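Everything below concerns the one structure shown next.
The values are calculated or read from the model by the stated rules, or taken from the named source; none is laboratory data. Predicted model only: the values in this text are computed from it and were never measured. Because the Cβ atoms are built from the backbone with ideal geometry, glycine has one as well, and the counts that use them run over all protein chains shown.
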Amino acid sequence: MEILRATDLRKRYSGGNMEVEALKGVSLSLSHGEFVTLMGPSGCGKSSLLHLCGAMDRPTSGTVVLEGLELERLTDDQLTRVRRERIGFVFQFFNLLPTLTVMENVRLPLLFAGMPPREAATNASRQIETLGLQDRISHFPNQLSGGEMQRVAIARAVVHQPSLLVADEPTGNLDSSNGQKILDLLRSLCEEHGISVLLATHSEEIASQGNRVLHLRDGTLEPQTLPD
């Protein structure tokens with residue numbers, strides 16, 4: 001079942017007398033529970049594409065349909081609700097709030113969505129335990145390793161049970177061992193929970209672990225399926 005379809009996406013940025021076309025007519029789709037990797041060098045448009053698919057930005061032209069919703073037709077408030085309910089985000093730099101504990105970081109999206117505090121804490125605790133972080137539940141980010149911080153970031157990203165997880169270089173600040181653990185975790189989210197993952201990377205080794213690899217260069221996309 002198709003969960004995401006982007007069609008002919010174009011994105012232009014203007015500044016002063018200059019205009020940069022980051023995306024030049026990109027189309028892609030993701031199925032339920034599919035792990036798709038997006039590979040390309042820095043500056044090729046990967047982050048721009050993730051932002052559009054994740055409803056964080058609007059295209060200059062083109063369409064994004066997520067679970068039947070045409071995102072370009074939604075108001076800003078409606079897009080915010082889509083992000084809170086249907087999409088999770090994981091980034092290279094973790095983006096944990098340093099003054100909040102693991103529990104407080106993970107339950108924050110649920111509180112923003114209006115869930116009662118006690119229910120939010122119960123759901124957050126369950127997600128933290130699922131990712132093997134129960135011994136760190138009261139720790140602050142500066143008391144965690146890089147791999148643990150990224151697991152907390154993933155717990156926060158999926159605690160509301162999104163349909164789509166957007167990951168921008170999620171292993172970029174990790175050593176190879178912890179990076180592989182994060183990739184294994186993302187794959188398990190696809191296989192066991194049916195979450196679709198769109199992951200951007202510049203590493204061929206990381207990209208090869210997806211179900212499909214999409215190559216982006218100079219704002220254009222060439223799909224490629226890796227051999228089994």
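General remarks:
- Count of the range 1-39 residues which are among the charged types (D, E, K, R) and more than 12 Å from Pro59 (Cβ to Cβ): 4
- Extreme residue, modelled with the lowest pLDDT, among residues of the range 179-195 that are of a type outside the set (A, V, I, L, M) and either closer than 25 Å to Arg12 by Cα or crowded, with 19+ Cβ neighbours inside 10 Å (or both): Gly179
- Consider the range 43-76 and keep the residues that are β-branched (Val, Ile, Thr) and farther than 25 Å from Asp218 by Cβ. The one that is surrounded by the fewest Cβ atoms within 10 Å (Cβ to Cβ) is Thr75.
- Filter result for the condition that a residue is surrounded by fewer than 20 Cβ atoms within 10 Å (Cβ to Cβ), among the aromatic types (Phe, Trp, Tyr) and at pLDDT 95 or above, over Phe91, Phe140: Phe140
- When each of Arg212, Arg217 is tested for being surrounded by fewer than 19 Cβ atoms within 10 Å (Cβ to Cβ), within 27 Å of Asp57 (Cβ to Cβ) and touching a Cys at 6+ places or on another chain (Cβ under 6 Å), the lone residue that passes is Arg217.
- Cβ-Cβ contacts under 8 Å between residues 6 or more apart (or on different chains), taken from a first residue in the range 1-25 that is in contact (Cβ under 8 Å) with a residue 24 or more places away in the chain to a second residue that is loosely packed, with under 15 Cβ neighbours inside 10 Å and of a type in the set (A, V, I, L, M), are listed as Arg12/Val20.
- Hits in the range 182-207 (condition: closer than 14 Å to Val90 by Cα and in a loop (DSSP other than H, G, I, E, B)): Ile195
- Within the set Leu66, Leu38, the sole residue that is at pLDDT 95 or above and within 15 Å of the chain's Cα centre (by Cα) turns out to be Leu66.
- When we screen Val152, Val158 for residues that are free of Cβ contacts under 8 Å to residues at least 60 places away in the same chain and either among the hydroxyl-bearing types (Ser, Thr, Tyr) or closer than 17 Å to Val90 by Cα (or both), the only hit is Val152.
- The C-beta contact set for the range 69-98 (first residue free of Cβ contacts under 8 Å to residues at least 60 places away in the same chain and within 28 Å of Thr171 (Cβ to Cβ), second residue surrounded by 13 or more Cβ atoms within 10 Å (Cβ to Cβ) and of a type in the set (Phe, Trp, Tyr), distance under 9 angstrom, 6+ apart or interchain) comprises Arg83/Phe89; Asn95/Phe89; Pro98/Phe140.
- If you go through the range 99-137 and keep only what is assigned to a loop (DSSP other than H, G, I, E, B) and either free of Cβ contacts under 8 Å to residues at least 24 places away in the same chain or of a type in the set (S, T, N, Q) (or both), you end up with Thr99, Thr101, Gly114, Met115, Pro116, Gly132.
Residues checked against (1) farther than 27 Å from Val20 by Cβ; (2) at pLDDT 90 or above; (3) under 16 Å from the mean Cα position of the chain (by Cα):
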site: Val152; (1), (2), (3): yes, yes, yes
site: Arg156; (1), (2), (3): yes, yes, yes
site: Thr171; (1), (2), (3): yes, no, yes
site: Ser177; (1), (2), (3): yes, no, no
site: Val197; (1), (2), (3): yes, yes, yes
site: Thr201; (1), (2), (3): no, yes, yes
site: Glu205; (1), (2), (3): yes, no, no
site: Glu222; (1), (2), (3): no, no, no
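- Among the residues of this structure, Arg58 does not count as one that is in contact (Cβ under 8 Å) with a residue 12 or more places away in the chain, under 19 Å from the mean Cα position of the chain (by Cα) and part of a helix (DSSP H, G or I).
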